Amino acid sequence: QNEEKWDFVLVSDIHEMGSEKEIKRKKFLDELSKKGFTIKKIEDTKLFYGVRAPPHIFRKYQCLLRNPDSRQQNSNAHQDVPVTTRIRIVHFILQNTVTPDFEKLRDLMKKKVFEAAFPLHEKEEVREFLKKKWARWSVILKPQPIEKIRCYFGEKVALYFAWLGWYTYLLVAAALAGVVTFVAGITVFSSSQVSKEICEANTTIMCPLCDQKCPFWVLSDTCTYAKITHMIDNEATVVFAMLMAIWATVFLELWKRERATVVTDWDLYGWDEEEEELAMELINNLQHEPRRYRHSYFRSTIVLLLVLLMIVVLIGIAHALVIYRVVAVALFSQSHLELLREHANTMAVMTGAVLHYVTIVIMTKVRSHTGCLAGLLQKPRTFSQQENNFTVKIFTFQFFTHFSSLIYIAFFLGRINGHPGHYVRIAGRWRLEECHPSGCITDLFIQMAIIMLLKQTISNIMEYLVPWITHKLRKKYKRPKRRSMMLGEEEEAEDPCKRQWLSNYELNEVNVFSLFNEFLEMVIQYSFTTIFVAAFPLAPLLALFNNVIEIHMDAIKMMRLHRRMVPRKANDIGIWLQVLEAIGILAVIGNGLVIAITSDFIPVQVYKYMYSPCTRENRTGMDCSTGYINNSLSVFRIQDFEPHTNAGERPGLAATGLCCRYRDYRNADDYTYTVQFWHIFAARLAFLILFEHVALCVKLIAAWYIPDVPQKVKNNFLWRKHSNLRKELRWVTPWKV
């Protein structure tokens, strides 16, 4: 006899006879029985109810949708629809069955009438294939069996892995370009004239970095920092930023083509989700009336205010990180440890980055509750609308969590701090940070490198270890003890379903947003890979290594550590495509701003063509950036310091005429901006406008040049329509004259 097949398993505690929970459970199971469901009960320390839907439900589904599901394998002799479709329909009916007390399964689970409801990982051929050829570390570099994934987990999960695989594949080109840019910075640009001048500036005395006991310092002390800066901040970075803007567009256009090919092979290109949901509503209840589309301006206003409140909170956290860095620089500068004192700025940046990562981890835990609250307020009509609303809000929340501190470093650090004698202070006490004379881009590089490395090591290890440990603990504590046998009592034969149901129950829980979390993680990573990539060319390489591991880590979690997800039908990745397109536009704006504002590229070019020795005399052998550092440093008279400033040692001040230098373009007499400052400001603005218009035009041309749908797919549809029309004509009787 074949092993019995069950569509779903419900788990409940053993309640007292006649108790409220027992009565509610019985009412729900009675409603299922009225619909023709077969229910099997297995009792242990928990009650397990196997649920199997009657065949007529699936015949109705096929009749209503005329769905060509026959193309999908994994159908058994007693089934006329694929297992994934059976599970999806049964899940929908279970969730929408109403008891005489007007309670659904969701309400009963909140009241602890039922503890869990899940489809089973069954010992079927597809599962064994996926465990052997996909959910193992030994097959890490082999292609994914997308069709088999679809047959076991449904189209939505299959499209996630198809998208992730495609993204990883195209990251190879971006990673290669990033490595070439980085290597070019180390080799070709490392010996730049600017860093050479900093290394030789042993007589240039710089103003103190803090107010109390911070010494004046010699510019050449930061020679190593300057060399690192110019490895990142050079002409190659500008080209790389432009290439990444084009890459983001090409990636999305090629994905649209890949997705069109895949869903056409699945016969889902023209699939209508709303029609499917209406069909399942009618199968569940013939008297069902569809929920109408509604829009509440009041609810939308409340949601908008909540989102704005969230953003304000996140900006507040970014301000807290800024305050930490300011205080840390002041404390590190006065430390007894020489290493900490000499590298106070760098240490503040690094510890600030670690603190930023900690806030990301904490806020990630908080965001799911706020997103659910905002989603409930809007009361969307369908699950897809609910998911889309949830996605937009949570992505906005996570984006500001991850990028608020980076935005400060990229665009505000060193630009709002004032100047010696008139510093901007926090609480009237702590000075805001300054940029190094060679620029702020290294701070952004360090921040991005630390956050990406921590996310891809600690977060990924925890993402795998927590479900693994939880599974082991559930297995240990939730496996029911065998009942002790009485003397002379014969042991009952164990039901073959019991072991299978128990082993599935011991796995980690999944919910409707489990896949959402995987998508969110990858889309945030995509943001890091594109938006500020000009400051961190190695981001695509780190993303590539992470994704190769991520694909198989997700596979192992889904196949071995988590309960089976309820398969969902889909023909695209949903609103994530619009999110990715928005990130592509932000990438153009972000990289343009990084080069125009954060980088020293524009000031150096303005100096070369307007203020360098090359403009005054024709010296073919001279580097036109000669003298840039001296030109970019303003002079400050020490007697103009604020009264409470207590500087430390003052080496060589007598030789400088009691003056120190600081990074800015200000007049030496009244500290107002020089004409050169406004020339640089105009050049930054002009470059930003030019870069963004050129990049956006190239993006539009790339989007036009690469069709969203391959011609092969269009021709297949054309042929199919033609064939269907010819078949229809055969039934038409010619008019008799």
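The values are calculated or read from the model by the stated rules, or taken from the named source; none is laboratory data. Everything numeric here is computed off the predicted structure, so don't read it as measured data. Positions of Cβ are generated from backbone atoms using ideal geometry, with glycine treated the same way; all protein chains shown enter the neighbour counts. For accessibility, only protein heavy atoms count, side chains too; no ligands or nucleic acids. Shrake-Rupley method; radii C 1.70, N 1.55, O 1.52, S 1.80 Å.
Put +1 on the Cβ of each Lys and Arg and -1 on the Cβ of each Asp and Glu in the stretch 565-617; which of LEU580, VAL604, CYS614 then has its Cα farthest toward the positive end of the dipole?
Of the listed residues, the answer is LEU580.
Using a 10 Å cut-off on Cβ atoms, rank the peptides 98-110, 204-216 from the highest mean neighbour count down. Before the final figure, lay out each step's value.
Working: 98-110: 14.3, 204-216: 19.7.
Top to bottom by mean Cβ count within 10 Å: 204-216, 98-110.
Can you order the peptides 386-393, 673-680, 510-517 by their average number of other Cβ atoms within 10 Å per residue, highest first?
Working: 386-393: 19.6, 673-680: 15.0, 510-517: 16.6.
Put in order of decreasing packing, that is 386-393, 510-517, 673-680.
Quick one: what are the phi-derived ³J(HN,Hα) couplings along the stretch 239-252, Karplus 6.51/-1.76/1.60 with θ = phi - 60°, whole Hz, x for glycine and proline?
Working through the residues one at a time gives 5, 4, 4, 5, 4, 5, 5, 5, 4, 4, 5, 4, 4, 5 Hz.
Counting alpha carbon pairs within less than 8 Å and at least 6 residues apart, what relative contact order, in whole percent, applies to the chain?
Working: 905 pairs, mean separation 157.1, N = 737.
Relative CO of the chain lands at 21 percent.
Can you pull the percent of the stretch 8-120's accessible area that's carbon plus sulfur, 1.4 Å probe, other chains left in place? Kindly include the intermediate steps, with their values, before the conclusion.
Numbers: 2790 of 5310 Å².
Carbon-and-sulfur percentage of accessible area, whole number: 53.
Helix-only mean residue ellipticity at 222 nm, the chain, DSSP H runs n ≥ 4 weighted -39,500 (n - 2.57), per residue, nearest 500. What is it?
Details: 25 runs with 421 residues, N = 737.
Result for the chain: -19000 deg cm²/dmol, rounded to the nearest 500.
Taking the alpha-carbon centroid of each part, what is the distance from the stretch 122-136 to the stretch 174-250 in angstrom?
50 Å
Rank-order 140-151, 634-645 by packing density, defined as the average count of other C-beta atoms within 10 Å over each peptide's residues, highest first.
Numbers: 140-151: 16.9, 634-645: 14.6.
Highest to lowest by the protection proxy: 140-151, 634-645.
Suppose accessible area is computed on protein heavy atoms with a 1.4 Å probe; arrange VAL239, VAL361, VAL11 from highest to lowest.
Numbers: VAL239 90, VAL361 60, VAL11 0 Å².
Heavy-atom accessible area, descending, gives VAL239, VAL361, VAL11.
Nearest 20 debye, what's the magnitude of the dipole of the stretch 230-284 about its Cα centre given +1 on Lys and Arg Cβ and -1 on Asp and Glu Cβ?
Working: 3 positive and 13 negative charges, 112 e Å.
The dipole magnitude comes to about 540 debye.
In whole Hz and in residue order, list the ³J(HN,Hα) couplings for the stretch 313-318 that follow from phi through the Karplus curve 6.51 cos²θ - 1.76 cosθ + 1.60, θ = phi - 60°; x for Gly and Pro.
4, 5, 5, x, 5, 4
Expressed as a whole number of Å, what is the distance separating the alpha-carbon centroids of the stretch 663-718 and the stretch 295-344?
Each part's Cα centre sits 28 Å from the other's.
With mean projected area of the Cα convex hull in nm² defined as stated, name the option among (1) 96.0; (2) 70.5; (3) 47.3 computed from the structure displayed.
This structure yields the entry labelled (3).
Any idea of the accessible area per residue across the chain, 1.4 Å probe, to the nearest Å²?
Values: 36740 Å² over 737 residues.
That works out to 50 Å² per residue.
Given a 1.4 angstrom probe, I'd like the percentage of the accessible area of the stretch 278-352 that is carbon and sulfur, rounded to a whole number. Let's see the in-between values first.
Details: 3380 of 4980 Å².
Of the solvent-accessible surface of the stretch 278-352, carbon and sulfur hold 68 percent.
Using the Cα centre of the stretch 186-323 as the reference point, and only Cβ charges (+1 on K/R, -1 on D/E), how large is the resulting charge dipole? Debye, rounded to the nearest 20. Write down the numbers at each step before the final one.
Numbers: 10 positive and 18 negative charges, 147 e Å.
Dipole of the stretch 186-323, to the nearest 20 debye: 700 debye.
Which value, in debye to the nearest 20, gives the size of the charge dipole of the chain about its Cα centre, when Lys and Arg are +1 and Asp and Glu are -1 at the Cβ? Walk me through the numbers before you get to the answer.
Working: 90 positive and 74 negative charges, 443 e Å.
Result for the chain is approximately 2120 debye, rounded to the nearest 20.
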